[in-house]
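Asker: Please find one structure pasted underneath; my questions will follow.
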Amino acid sequence: MKTTKDGFEEGLEELARNKEIIVLSTELKKFADKHPNKFIKTADIGIASGLAHEGKTPFVTTAGLGKNWQQIKEISANNENIKIIDFDEEFEDLAIARVLQNIKVIIPADYYEAKKATIAAGTTKGPFYLKLLIEKAHSTTEKTGFTIGRMEIIKAGKDCTIIATGPTLQNALMAAEKLAKQEIECTVLDCHTIQPIDKHALIATARLTGCIVATERTLGSAIAETMSQNYPVPVRFTTADNIITEVKNAVMQKCEVFAEIPEEHSQKIQLEIRPELQFRLHNGGLIKSIPGLHKALLTMNEETFTHHCNTNKNDFSTWIKEAFKEQSLAKNLEKTHTKIGMMLELTRWMK
C-alpha cells in the first residue's frame, strides 16, 4: 500500500509535467533520475530562497525545522513562494510552524491526501510547510475532497466531534466505530490544514455536537483558541491511542452542563406532573422532571440503571411516555441501552 511519501513523489511528478518547479533534496532519487534539470542534490533553504526570487517554485525537503528556523522565519515573513517538506516523524515542529506568519501548514493523512496537498502547494503562491508522517493505511480516497484551509467531513454524528490530522485520522475513524457500538455517534473531521484553521467548520460542528476532541496537542490548541473566541464548548486534547476515553469525558462534560439547568427553566419545557406520577427509583430516589432524569443519570450506579433499563423493559421510556406524553422522546429512549446513550438523547431533547 502506498505511503504519504509516495503521494508526495507522485504529486511532484504531476507538477513537473505542467510547471517549472525545482526540487532540492538529498533524497528522491527516482525524481532526480527522471528530471535531472529540475533537481538539485541539496536541502539548502537559502538556495531555495534564491530560486524563489528568480520566479521558480522550489520544493525543499528537511528533517525538522530547528536548524533552519531563522531562515524559515524570514521566508514566512517575506511570503516567499517556497514549499518546505518535512519528513521528520515527530509532531513537535507543528507548534513552531503555527507561530509563523503567512505560511500554510498541512499534514496529509495518507497517500491520496499527500498527492493532493503537494499539487495544491505547487499551484498556490506563498510559503507552505507539509509534514509527511509515514502512514500506509488509507483513511481517504481519490474522491475525497481537498481544499487548503478547509476541513473535510469523513463521518457524520451528533454526539461529539473528533478532529484528526495526519495519520491520526485512521485512529479517529476506528475509535468512532467502537464508540457507535456504545451509543455515542461521532462526527469525524479531517483537519489536514492546521494553519489557517477552518473556523467556519469548527463553529458549525460545535453547534451540532456540543463538544470536540482533537487527536493532537498542537491541533487542539488551535481549536481551543478558535472556540474560546467564537463558540465555547468542551474541547479536549488526546493522543491517537486514547481517543475513546477522551470522547467519553467530553460527552460527560457536555451532559453536566445541561444538568445545571435551573428548576424554573425545567418547568417551562415540560408539563408539571402530579406527585403520584413522579418516578421512584429502585434505590429510593425520586425523579420529578425530564431534566431531573438527566441529572439523576449522571450519578446513577449501574445496578440501579440496569434494574430500570434492560433487555426486558425500559422504565424510563415508559415513564416519559405516560407521565409527560412525550411520544417521540420516549420512542428514542426505548432504543437506548446505556446510561451515556440515554443522557445524550435527553441532552439533545433539552437543547
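A short reminder: the numbers here are calculations on the coordinates, not readings from a lab. Not measured: the values here are computed from a predicted model. Backbone-built Cβ (ideal geometry, glycine too); neighbour counts: all protein chains shown.
Asker: Could you give me the ³J(HN,Hα) list for the stretch 312-326, computed from phi with Karplus coefficients 6.51, -1.76, 1.60 and θ = phi - 60°, whole Hz, x at Gly and Pro?
Answerer: Working through the residues one at a time gives 9, 7, 9, 4, 5, 4, 4, 4, 4, 5, 7, 7, 10, 6, 8 Hz.
Asker: Counting Lys and Arg as +1 and Asp and Glu as -1, each charge on the Cβ, what is the dipole of the chain about the Cα centre in debye, to the nearest 20?
Answerer: It comes to approximately 640 debye.
Asker: Just from its helices, what would the mean residue ellipticity at 222 nm be for the chain, if runs of 4 or more DSSP H residues each count -39500 (n - 2.57) and the sum is divided by every residue, rounded to the nearest 500 deg cm²/dmol?
Answerer: -14000 deg cm²/dmol
Asker: Would you mind classifying the stretch 193-351 by shape? Square roots of the alpha carbon gyration tensor eigenvalues, ordered a ≥ b ≥ c; an a/c under 1.5 is rounded, otherwise it is prolate if a/b is larger than b/c and oblate if not.
Answerer: The shape class here is prolate.
Asker: While we're on this one: Tell me, what are the semi-axes, in whole angstrom and largest first, of the equivalent ellipsoid of the stretch 4-131 as set by the roots of 5 times the Cα gyration tensor eigenvalues?
Answerer: In descending order, the three semi-axes are 20, 17, 14 Å.
Asker: Now a separate question. Is there a pair in Lys34/Lys73; Lys248/Lys321; Lys2/Lys116; Lys38/Lys131 whose C-alpha atoms are over 24 Å apart, and which pairs would that be?
Answerer: Lys34/Lys73; Lys248/Lys321
Asker: List every residue whose amide H lies under 5 Å from the amide H of Arg236, counting only residues 5 or more places away in sequence or on a different chain, with H placed 1.01 Å from N in the peptide plane.
Answerer: Those lying under 5 Å, H to H, from Arg236 are Ile212, Val213, Ala214.
Asker: Take Glu276, Glu9 and order them by how many other Cβ atoms sit within 10 Å, fewest up front.
Answerer: Least crowded to most crowded, the residues run Glu276, Glu9.
Asker: Output ³J(HN,Hα) for the stretch 50-64: one whole-Hz value per residue in order, computed from phi by the Karplus curve 6.51 cos²θ - 1.76 cosθ + 1.60 with θ = phi - 60°, and x for Gly and Pro.
Answerer: Using θ = phi - 60°, the values come out as x, 5, 5, 5, 8, x, 7, 10, x, 10, 10, 8, 8, 10, x Hz.
Asker: State the dimensionless ratio Rg/Rh of the chain (Rg: radius of gyration of Cα atoms; Rh: Kirkwood radius).
Answerer: Radius of gyration over Kirkwood radius for the chain works out to 1.13.
Asker: Rg(Cα) of the stretch 206-262 divided by 2.2 N^0.38 Å?
Answerer: Working it through for the stretch 206-262, the quotient is 1.13.
Asker: Another question, then. Per residue of the stretch 226-237, in order, report the coupling 6.51 cos²θ - 1.76 cosθ + 1.60 (Karplus, θ = phi - 60°) as ³J(HN,Hα) in whole Hz, putting x for Gly and Pro.
Answerer: So the Karplus estimates, Gly and Pro as x, are 5, 5, 4, 8, 10, 7, x, 9, x, 10, 10, 9 Hz.
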